[in-house]
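Structure first, then comments.
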Amino acid sequence: MNRIAITPLGFAVGAQVTGLDLREPLDDVSRQALLQAWHKHLVLVFPGQDLDAAQQIAFSAQFGTLEQNDFQPHYRDPAHPEILLVTNRKMDGKPSETRNTGRNWHTDLSYTTRPAKASLLLCKEKPPIGGDTMWANMYLAYETLSPKMQAFIESLEAIHDVSLIKGIEQRDPEKVADMKRRNPPVAHAVVKTHPDTGRKALFLGQRIRGFVGFSEEESAPILRFLNEHATSSEFVYRHRWSVNDLVMWDNRCLLHVALPDFDQTKTRHMTRTSILGELSGYYYKGGDDLGRESVLQAIAAVS
Ligand code: SIN
């Protein structure tokens, strides 16, 4: 019988889980224990899990329906559409398209109307030093705002834009154009209630263009404040990877960022599965957000 041990790794986020072989199906008791720990710690680290693609998919599928990565089809494992390759290994002799994935604070697939509920990232190869990932707790970020600020942001909607993925301009232009076509900007509430825990969390990040109904100039300082607050060090857990760590996180109450803190000539190869979240948000067509340029043009047109 499995003996699950759950050891906290950080004050705000993170716990290590040992005593399970993830190649085996979970029994009900273990699954419930994991879900409980996941809702409490938000990021679960399972060390020493040497899973192949099929085993990673099978483990992940016990928590929901898996993404087929249709939002970013160019970067998935050709043999397993459920697996996104986050790697700097050369692909077909060319630099990998996903070598810079996740370099700004974000939640996975926030630029879609179905942001990921969970992501599961398995470390297959890592540089000798660095290549860390950080997660920030968005419950705490919300709960530590003043009541006045909480009330102010309650009705705010943020415009999430795939073209703000950091480093996207270094990718193949045709693939990027296709990704933009598939993913027009999407507006999401800035404060969301977690469907399982009922707690409110900020839904933010650095792939946001501004707020619906606000100009970009008006949005920028509010967004900067909120993102800086949300990613304050007291809300963050930083993971130093070991090969065969599988990390499972809850995108609905976290932001994360992949750090470029390593020698880029060394290999970092990760495989990611994601679990579909709920439908939310709407495609943002614009119209009511006047930026400085459009205001100047409007003034010039009537004068
Ligand atoms: C991601 O943003 O999902 C990838 C994170 C990482 O590679 O550390």
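The values are calculated or read from the model by the stated rules, or taken from the named source; none is laboratory data. Because the structure is predicted, anything quoted here is derived from the model rather than measured. Quick reminder, even Gly has a Cβ in these numbers, built from the backbone with ideal geometry, and neighbours come from all protein chains shown. The protein model used for the area step is the full one, side chains on, heavy atoms only, and it has no ligands, DNA or RNA in it. Shrake-Rupley method; radii C 1.70, N 1.55, O 1.52, S 1.80 Å.
What residue, among those in region 192-225 that are of a type in the set (D, E, K, R) and outside any helix (DSSP H, G or I), is nearest to the chain's Cα centre (by Cα)?
Arg207
Which residues, counting only those in region 87-113, are surrounded by 15 or more Cβ atoms within 10 Å (Cβ to Cβ) and on the phi > 0 side of the Ramachandran plot?
Gly102, Leu109
List the number of the failed condition for Leu84; all other conditions in (1) crowded, with 21+ Cβ neighbours inside 10 Å; (2) more than 15 Å from Ala116 (Cα to Cα) hold.
The failed condition is (2).
Show the residue pairs that are 6+ apart or on different chains and have beta-carbon atoms under 7 Å apart, the first residue being within region 118-132 and among the acidic types (Asp, Glu), the second being more than 12 Å from the ligand (Cβ to nearest atom) and open to solvent by 10 Å² or more (accessible area, probe 1.4 Å).
What qualifies is Glu125/Val243; Glu125/Thr267.
What residue, among those in region 126-175 that are in a strand (DSSP E or B) and more than 25 Å from Gly10 (Cβ to Cβ), is most open to solvent (accessible area, probe 1.4 Å)?
Taking the candidates together, the pick is Glu157.
Give me a count of the residues in region 252-281 that are among the small types (Gly, Ala, Ser) and within 10 Å of the ligand (Cβ to nearest atom).
So the answer is 2.
For region 90-124, which residues satisfy the criterion of being more than 12 Å from the ligand (Cβ to nearest atom), more than 21 Å from Leu202 (Cα to Cα) and either modelled with pLDDT of 95 or more or in a strand (DSSP E or B) (or both)?
Met91, Lys94
Which condition number does Leu42 fail, the rest of (1) away from the ligand (no atom under 16 Å from the Cβ); (2) in contact with a Gly (Cβ under 9 Å, 6 or more places away or on another chain) being met?
The single condition Leu42 does not satisfy is (1).
How many residues does region 245-264 hold that are modelled with pLDDT of 95 or more, out of contact with any strand residue (DSSP E or B) (no Cβ under 8 Å at 6 or more places or on another chain) and not aromatic (Phe, Trp, Tyr)?
3
From the residues in region 125-139 that are in contact with a strand residue (DSSP E or B) (Cβ under 7 Å, 6 or more places away or on another chain) and closer than 22 Å to Ile57 by Cα, which one is nearest to the ligand (Cβ to nearest atom)?
That would be Thr133.
Does region 248-261 contain any residue that is more than 17 Å from Val45 (Cα to Cα), in contact (Cβ under 8 Å) with a residue 12 or more places away in the chain, in a loop (DSSP other than H, G, I, E, B) and open to solvent by 40 Å² or more (accessible area, probe 1.4 Å)?
Looking through region 248-261, at least one residue is more than 17 Å from Val45 (Cα to Cα), in contact (Cβ under 8 Å) with a residue 12 or more places away in the chain, in a loop (DSSP other than H, G, I, E, B) and open to solvent by 40 Å² or more (accessible area, probe 1.4 Å).
In region 1-48, which strands (runs of 3 or more DSSP E) lie fully inside it and hold 2 or more residues that are touching a residue at least 60 places away in the same chain (Cβ under 8 Å) and not hydrophobic (A, V, I, L, M, F, W, C)?
So the answer is none; nothing clears 2.
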